[in-house]
1. Over segment 280-434, calculate the relative contact order: mean separation of alpha carbon pairs under 8 Å at least 6 apart, over the residue count, as a percent.
2. How large, in Å, is segment 81-209 by the Kirkwood hydrodynamic radius built from its alpha-carbon pairs?
3. In whole percent, what relative contact order does the chain give with Cα contacts below 8 Å and a gap of six or more residues?
4. Can you list the HN-Hα couplings for segment 276-285, worked out from phi with the Karplus curve (6.51, -1.76, 1.60; θ = phi - 60°), rounded to whole Hz and with x for Gly and Pro?
5. Work from the charge dipole of the chain (Cβ charges, +1 for Lys and Arg, -1 for Asp and Glu, about the Cα centre) and give the residue of Ile343, Thr368, Ser314 farthest towards its positive end.
6. So what are the radius of gyration and Dmax for the Cα set of segment 323-387, in Å?
7. Quick one: putting +1 on the C-beta of Lys and Arg, -1 on the C-beta of Asp and Glu, what dipole do you get for the chain around its Cα centre, in Debye to the nearest 20?
8. log₁₀ I(q)/I(0) of segment 484-629 at q = 0.10 Å⁻¹, via Debye over equal Cα point scatterers, no solvent, to two decimals?
Amino acid sequence: MSGLDLPLATILGATEAGSEGAIGGGPWDLLIPLIIALPLAGFLFTALVGRRLGKSAHLVPVGAIGLAWLIGMWVAFNALGGTEPFGEHGYGQTIYTWIASGAPDQAGAFVVDVGFFVDNLTACLLIVVLTIGLLVHVYSIGYMSHDPGYWRFFAYLNLFMVSMLLLVLADSFLVVFVAWELVGLSSYLLIGFWKHKRSAALAAKKAFIVNRVGDVGFALGIMAIFVNVGTLNIRHAIELLTAEGAAASFPIPMWIVALLIFAGAMGKSAQFPLHVWLPDAMEGPTPVSALIHAATMVNAGVYLVARTNPIFASAPDVMVVVAAIGIFTAILAASIAMTQTDIKRVLAYSTLSQLGYMFAALGVGAFTAAIFHLMTHGFFKGLLFLGSGSVIHAVHEEQDMRKMGGLAKKIPHTYRTMLIGSIAIAGIPPLAGFFSKDEILGEAFKLHFEWVWAIGIVVAVMTAFYMFRLIGMTFWGESRVDPAIEPHVHESPSVMTTPLWILAVPTVLLGLVLSLPGPPLGPLLGLEGPGLLHHWLEPVFHPGLVILGHKEAEYQLFGIDGALIGASVAVATIGMVTAWRLFGVNLRAINWRPDPERVRRLTARVPFLYRASLNKWWFDDLNHLLFMTIGGRLAAFLWWFDRRVVDDTVNDVAATTVGAGRGLGRIQTGRVQNYALGIAVGLIVMAGSFLVLAAR
């Protein structure tokens, strides 16, 4: 009997707690599936009848996400609080058996269950994904109000949320992969939502294709895991893969498994060299940019590596690769963001850079720091993207910052919230970005990855600079807005500005809340113990840290840790003040007039670096040369070779055979006397040939 044939009570009762043998989770057996079922129902309803609802098409999908948010927060905070049945190690439930090839206890059996698992890591992701997802839905009511595809947009948003929530909650690698591909599909639909724009259609196709490259690696990694341990249940597979002495018996080495998983993470989280799709994804509507770049799709890779941390800890050489690619992506993207003029592209490259920080943290073994930055970045980057949408809305869909300026007084709510987000991402205390970024840099230094710390410090300077360049070009100085548009510039409606202020709250407070009572502020306040987030995630990352042999070092506020904090804040301040001086307030005259000539003189001193940054280090040109020009010509040659050599050879052989058959068919008359004559002539020829040869 398949899982689909089972009674509902049996399906919901087939549960498994984090500790072996515990059965039944009470209301959680229904509440956890509802987190996915509600947006799924919203998607199906809106896709089927949304067109008929007109401007009311948002009611069901927004309501579905609102209910999912309420349930998700209840589940998440109970999990973080250790409420039964979650405990320290989480709670899992099996919905039904999807694939059952052979009995579970048979060697070589392939059994895949569809189920959900909630632990503290899942809870942290639920808080970020559901909160930002809900706010994006609300914001979209105003932003997309005049779009003819209003109903379709909300249907796609619900589908995206279904995909991401399934990815976070799934307890099987194969179910994660299904969600992984659904995320790719729904992002393709959202990025290419304005399908009448060729640039949007091309960007959607580029994102879809580039992600498939990484997905091939992830699929191979899943196969390698099954070959090694015979199960795809995430918890059981990790336990078997990292059991003491088990690696020696595996047919596929652990470093290959880790690299293949990382390949999938590189695609979704846009790490070098698979980073090229993310900036082009800006062609989609701004709420899509916030949803993809802030809290959901791009964080999937970080979550995957964090979830499988014992596998990576068992392959330390691969962790060095992860750290190297992460920190290289961080500085590469930051260098490009410094010269871009499209407000959304600056934020896109900022996302790439911050994701690089997260992977660098994962690579050095600072798993909690990576998730810390994932959470804080989700909120302040969501704020910045939605704020950029408010700016674009105010100046009639203009995205070029060179055609903005002087907007601070005209759209004050947008300006103030974006300023808060910019200070946070720059790493200025006490906002959220300071705590998470400082922890990444500090952990990298103390774990003897000094080169990661050094590059990370440079990236911190660049981050503060390009973010305040964005603020200066957009809000400060004299207005460069088109004179025909300027009189109509106005603040966005409250349905768009309210989500900005809501996101500003965690942007200010989240870092402080998650770090207390631990450092850096805990010791100053006389508090002891690890930070709140460290306390939550310690059971999740303990197995990986044990394999790595990492021990918690004593915190020295007035020693090495204080020096690292001071260096981080100092360089962020330098970058911020430099941008302020070039693009904002003139410190001598105390006015709102930036000095464009000074900017031109500075860029003229480094013409190559400026051109390289402006042209994104020519990666798009390189890809076009390799895959379009050279690859296209190679494909054309192979097509010619297939048609003219392979096909023609086969066709010629066939034609010759057919012709020979027809010729021979003419002498097959069916008359015995003709065949006898043929035999006689043949014998005469053979005898004559023999006599001639014998005479010689």
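1. Rounded, it is 26 percent for segment 280-434.
2. Mean inverse Cα-Cα distance, inverted, gives 17.1 Å.
3. Reported relative contact order: 11 percent.
4. Coupling constants for segment 276-285: 6, 6, 5, x, 5, 5, 5, 5, x, x Hz.
5. Ile343
6. Spelled out, the Cα radius of gyration and Dmax of segment 323-387 are 12.0, 36 Å.
7. 3060
8. Results for segment 484-629 at q = 0.10 Å⁻¹ read -0.81.
The values are calculated or read from the model by the stated rules, or taken from the named source; none is laboratory data. None of these values were measured; they are calculated from a predicted model. When we count neighbours, we look across all protein chains shown, and the Cβ atoms used for this are built from the backbone with ideal geometry, even at glycine. SASA here: full protein model, heavy atoms, side chains in, ligands and nucleic acids out. Shrake-Rupley method; radii C 1.70, N 1.55, O 1.52, S 1.80 Å.
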